[in-house]
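Heads up, the thing below is written out as structure tokens.
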Amino acid sequence: MIISNFTPFLSFLGGLLIGLSVVIFFVFNGRLIGISGIASNFLTSKDNRFSNLLFLIGLIIGPIVYKMFSQEEINISISNSFYLLAFAGLLVGAGTRIGGGCTSGHGISGIGRFSLRSIVATVTFMIVGILTVLVKNLI
Amino acid sequence: MNKIISLICGIIFGIGLTVSQMINPEKVLGFLNIFGEWDPSLAFVMIGALIISSPFFHLFKNNKKPIFADKFSYSNNKELNKKLIIGSSLFGAGWGLVGLCPGPAIASLALLNLNSVSFVIFMFVGFYLVKLLDLTTQAR
């Protein structure tokens, strides 16, 4: 096994912030954070629409706030064709709604409550994600 | 008040995704590349998030009501069914293809990256199609 680009400390710190956000949302608003749920409910449901929109706006402001305070550029790299991006976007959108959650809803909020359903979902999307990367690297 | 909390939680979540670099698809693909050059960092995102959230869920779940809402509202669906497996598999495939899941995809709109804009538009089309065909599992 070859390990590379390992950043355990920063990843853990980012994880703590994500956990803090989930806790505040739960204790104050009584809801569990799942980004796919919040985003799709904003699109398709009148309940809490404004609240969901504000959360999504906050999600976009987050990286900007980080940039202001850290004075660091945020580098991301997405090197895919438009068609692959569109196809993957459709899969992620449809898959998270059919399965009832994504990395945050199942992976953090669900597992944090020890929900077996969320553990099964998380193991499933991790395994399929790993296999997808494996196959992609072979092609 | 709960609207302000939503905004603040979004901001904290977005900063968390940036600090942890989960916002970068390359980092996510490195995590999923177990059989190649593996970058285990993202496991630490999950550990960090769970260390904070899990104790609080268990401390507060018996509280009668949240501070700024009338009641706790979240899915308590316990069913293990085909939809859970099929949906999570489709999601896993899309995640592995590009390295974006919903949170980082939306947060990365801040960087005005045209590729992430395309991804997010089609992700929303995916949400809408599932709603249209009535395949939704209760949101969590």
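Just so you know, all these numbers are worked out from the coordinates, no wet-lab data involved. As the structure is a computational prediction, the values presented were derived from the model and not from experiment. Cβ placement follows ideal geometry from the backbone for every residue including glycine, while neighbour counts extend to all protein chains displayed.
Take each residue of peptide A:113-126, count the partner chain Cβ atoms within 10 Å of its Cβ, and average: the result is 6. Which of the trypsin sites (Lys or Arg not before Pro) found in the range B:12-91 are in a DSSP loop and have at most 16 neighbouring Cβ atoms, other than their own, within 10 Å? Qualifying residues, ordered by number: B:LYS61, B:LYS64, B:LYS71, B:LYS78. Going through the DSSP H helices of chain B, which span 15 Å or more along their own axis at the Cα atoms while scoring at least -1.0 as a mean Kyte-Doolittle hydropathy? Qualifying helices, which must be both long enough and hydrophobic enough, are B:2-19, B:41-60, B:82-98, B:114-132. Here the alpha carbons of chain A define both size measures, Rg and Dmax, at 16.8, 49 Å.
Could you quote the convex hull projected area for chain B, Cα atoms only and averaged over all directions, in nm²? Computing the convex hull of the Cα atoms and averaging its projections yields 10.6 nm². Peptides A:56-65, B:97-106, ordered by how many other C-beta atoms sit within 10 Å of their residues on average, highest first, read B:97-106, A:56-65. Of the cross-linked pairs A:LYS46/B:LYS61; B:LYS3/B:LYS131; B:LYS27/B:LYS65, those separated by over 28 Å at the C-alpha level are B:LYS27/B:LYS65. When only alpha carbons are used to place a centre, the range A:92-135 and the range B:63-120 end up 9 Å from one another.
The mean number of Cβ atoms from other chains found within 10 Å of a Cβ in peptide B:24-35 is 6, as a whole number.
Both numbers refer to the Cα atoms of the protein assembly as shown; Rg and Dmax are 17.0, 54 Å. Among the chymotrypsin sites (Phe, Trp or Tyr not before Pro) in the range A:1-102, those located in a DSSP loop and surrounded by at most 13 other Cβ atoms within 10 Å of their own Cβ are A:PHE6.
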